[in-house]
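Here's the structure, in structure tokens; my notes come after.
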Amino acid sequence: MKEIAINIKARNQPGVLRDITALMARCGINIIYTHLFIEDKDSGSIYMELEDVKNTETFIHKIKNFEAVQQVEVHRSLSDIYGKRIIIIGGGAQVAMVAQGAITESDRHNIRGERISVDTIPLVGEEELAEAVSAVGRLPRVGALVLAGSLMGGSISVAIDEIKSEHDVIVISLNMPGSVTEKADLVVTDPIQAGVMAVMAVADTANFDLKKLNRKRF
């Protein structure tokens, strides 16, 4: 069955999302990703990625028949456009260096048809970092998490255990004091190289498998 991504602009009022999802259920359509946000006090947007769509034209026509719906657009999915995500969390200087390596390596693979995007957030404080690491499990399309700092452990290590037990995410750490390095799949001293290796670990166009490495520290 066909997979599509749609963006629905509709009036900001109760029951709109319920009516749209009820229609999808009646049509046997499965929602694989959704994101809803309010654009202003009068209207909002509902982005959805769908599978098992038998007839796109008929389905879009049915959605447009809802009185509250103002506009419907069909797009490529975020996975097709942005692809796998590399998340880099930690201190500003270290994050910047890891990002340099990851962006440079992503460019090399994306030119060849891959899709890899890089997200960064510089943070300080154990609880703030632990919260950010834990939130990675709630983000879509994450392939690898890079922890770029000078000292990480405690509740950050607990958060790593949580996301690794529930999600298929590669965790790479810079070589630093703290228990985070014991939890990571790979520990890299050079921040630029850490960014490069994160991209290589998730890219389909790279011949690199962490499981084949005979050591985890570089």
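Coordinate-derived values only; no laboratory data. Quick caveat: nothing in here was measured; it's all calculated off a predicted structure. Neighbour counts are summed over all protein chains in view; Cβ atoms, including those assigned to glycine, are modelled from backbone coordinates with ideal geometry.
Worth pointing out:
- Hits in segment 166-218 (condition: in contact (Cβ under 8 Å) with a residue 12 or more places away in the chain and among the basic types (Lys, Arg)): Lys183, Lys216, Arg217
- The residue of segment 171-187 that is surrounded by the most Cβ atoms within 10 Å (Cβ to Cβ), among those that are polar (S, T, N, Q) and within 17 Å of Met97 (Cβ to Cβ), is Ser173.
- Qualifying positions in segment 39-57 - closer than 16 Å to Glu3 by Cβ and either under 26 Å from the mean Cα position of the chain (by Cα) or not acidic (Asp, Glu) (or both): Tyr47, Met48, Glu49, Leu50, Glu51, Asp52, Val53, Lys54, Asn55, Thr56
- Screening Asp190, Asp168 for residues that are surrounded by fewer than 14 Cβ atoms within 10 Å (Cβ to Cβ), closer than 24 Å to Asp107 by Cα and not small (Gly, Ala, Ser) leaves exactly one candidate, Asp168.
- Whichever residue in segment 1-14 is without any contact (Cβ under 8 Å) to a residue 60 or more places away in the chain and under 25 Å from the mean Cα position of the chain (by Cα) and, among such residues, is surrounded by the fewest Cβ atoms within 10 Å (Cβ to Cβ): Met1
- The residue list Leu36, Leu17 contains one member that is assigned to a strand (DSSP E or B) and under 28 Å from the mean Cα position of the chain (by Cα), which is Leu36.
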